[in-house]
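*Asks:* One structure follows; several queries about it will come next.
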Amino acid sequence: MGTTTTSRTGDPAAGFTLLEILLALAVIGLLSAVLIGGSARLLATKPLTPDDVFWKAVAQARKDALERGHETRLAFDLKAKAFQITDVSGAAESVALTNPPQDLVAEFLPGGDAPSSAALLGGSLVETQTIPSVSFYADGTCMPFRVQIRSGVGAHVIKIDPWTCAKILTPLNPDGTPVLTPN
């Protein structure tokens, strides 16, 4: 018969077995892995920028035109701060921004390289001749257009390829400046 470990008072020693300690460490490790993984996913979720919402609306308008087999129009509703997709039957769908800046404006401009009419606003060159909406066609193409997104004092223009409805990339020199092409 084995000996029983007792404390100085004569009571049996109250302690944890190795198995209980290992089990507690495993539970702590499992809980910490779940909490760290979940918090990393929460922190990695970034709010969508106006550019992201614009591209989401372009993809949806193009998809609608392809699936329905007829022209679809895309416009920006300044009051709702949302892109509106409308088909020929008048059915509308909205692609909204979450917590948009109050001064956010997205304007559609005619296709082409040179600004047709521009003004200097807050240090940024802003085009003033806009079109109310742009069209996406049943064959997957769209009308040639550019979009100007303004918020605060900053504005930028994105040129859209009418064949793919994607951004036209500007070639850059090795020093990072745009390549100038002769007209």
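The values are calculated or read from the model by the stated rules, or taken from the named source; none is laboratory data. Everything quoted here is computed from the prediction, not taken from an experiment. No Cβ is skipped: glycine too gets one built from the backbone with ideal geometry, and neighbour counts run over all protein chains shown.
*Asks:* Could you list all residues from the range 41-56 that are surrounded by fewer than 10 Cβ atoms within 10 Å (Cβ to Cβ) and assigned to a helix (DSSP H, G or I)?
*Replies:* Arg41, Leu42, Leu43, Ala44
*Asks:* So is Asp87 surrounded by 14 or more Cβ atoms within 10 Å (Cβ to Cβ), within 30 Å of Pro132 (Cβ to Cβ) and at pLDDT 85 or above or not?
*Replies:* yes
*Asks:* Here's something else I'd like to know. Based on what the data block shows, is Leu66 part of a helix (DSSP H, G or I), closer than 30 Å to Thr130 by Cβ, out of contact with any His (no Cβ under 9 Å at 6 or more places or on another chain) and not charged (D, E, K, R)? Let's see the steps before the verdict.
*Replies:* Values: part of a helix (DSSP H, G or I): yes; closer than 30 Å to Thr130 by Cβ: yes; out of contact with any His (no Cβ under 9 Å at 6 or more places or on another chain): yes; not charged (D, E, K, R): yes.
It is true that Leu66 is part of a helix (DSSP H, G or I), closer than 30 Å to Thr130 by Cβ, out of contact with any His (no Cβ under 9 Å at 6 or more places or on another chain) and not charged (D, E, K, R).
*Asks:* Only residues that are surrounded by 15 or more Cβ atoms within 10 Å (Cβ to Cβ), of a type outside the set (S, T, N, Q) and either touching an Asp or Glu at 6+ places or on another chain (Cβ under 6 Å) or assigned to a strand (DSSP E or B) (or both): list them for the range 69-80, please. Walk me through it before giving the result.
*Replies:* So the first thing to find is which residues in the range 69-80 are surrounded by 15 or more Cβ atoms within 10 Å (Cβ to Cβ), and the list is 71-76.
Those still in the list that are of a type outside the set (S, T, N, Q) too: 71, 73-76.
Correct list: Arg73, Leu74, Ala75, Phe76.
*Asks:* Another question, then. Of the numbered conditions (1) modelled with pLDDT under 70; (2) among the polar types (S, T, N, Q); (3) farther than 26 Å from Asp103 by Cα, Thr177 satisfies every one except a single condition; which is it?
*Replies:* (1)
*Asks:* Return the pairs, sorted by first residue and then second, in which the second residue is modelled with pLDDT of 90 or more and of a type in the set (S, T, N, Q), the first residue lies in the range 139-162 and is surrounded by 14 or more Cβ atoms within 10 Å (Cβ to Cβ), the beta carbons are less than 7 Å apart, and the residues are 6+ apart or on different chains.
*Replies:* Sorted first by the residue in the range 139-162, then by its partner, the pairs are Cys142/Ser135; Met143/Ser135; Pro162/Thr141.
*Asks:* Then there is this: Return yes or no: is Ile131 surrounded by 13 or more Cβ atoms within 10 Å (Cβ to Cβ), modelled with pLDDT of 90 or more and touching a Leu at 6+ places or on another chain (Cβ under 9 Å)?
*Replies:* No; evaluated as a whole, the condition is false for this residue.
*Asks:* For the range 48-66, state whether one or more residues are at pLDDT below 90 and of a type in the set (D, E, K, R).
*Replies:* Taking every residue of the range 48-66 in turn, at least one turns out to be at pLDDT below 90 and of a type in the set (D, E, K, R).
*Asks:* Has the range 98-109 got at least one residue that is surrounded by fewer than 15 Cβ atoms within 10 Å (Cβ to Cβ) and at pLDDT 80 or above? First the steps, then the outcome.
*Replies:* Of all residues in the range 98-109, those surrounded by fewer than 15 Cβ atoms within 10 Å (Cβ to Cβ) come to 98-99, 101-103.
With the extra rule that they be at pLDDT 80 or above, the set shrinks to 102-103.
Yes, that holds for at least one residue.
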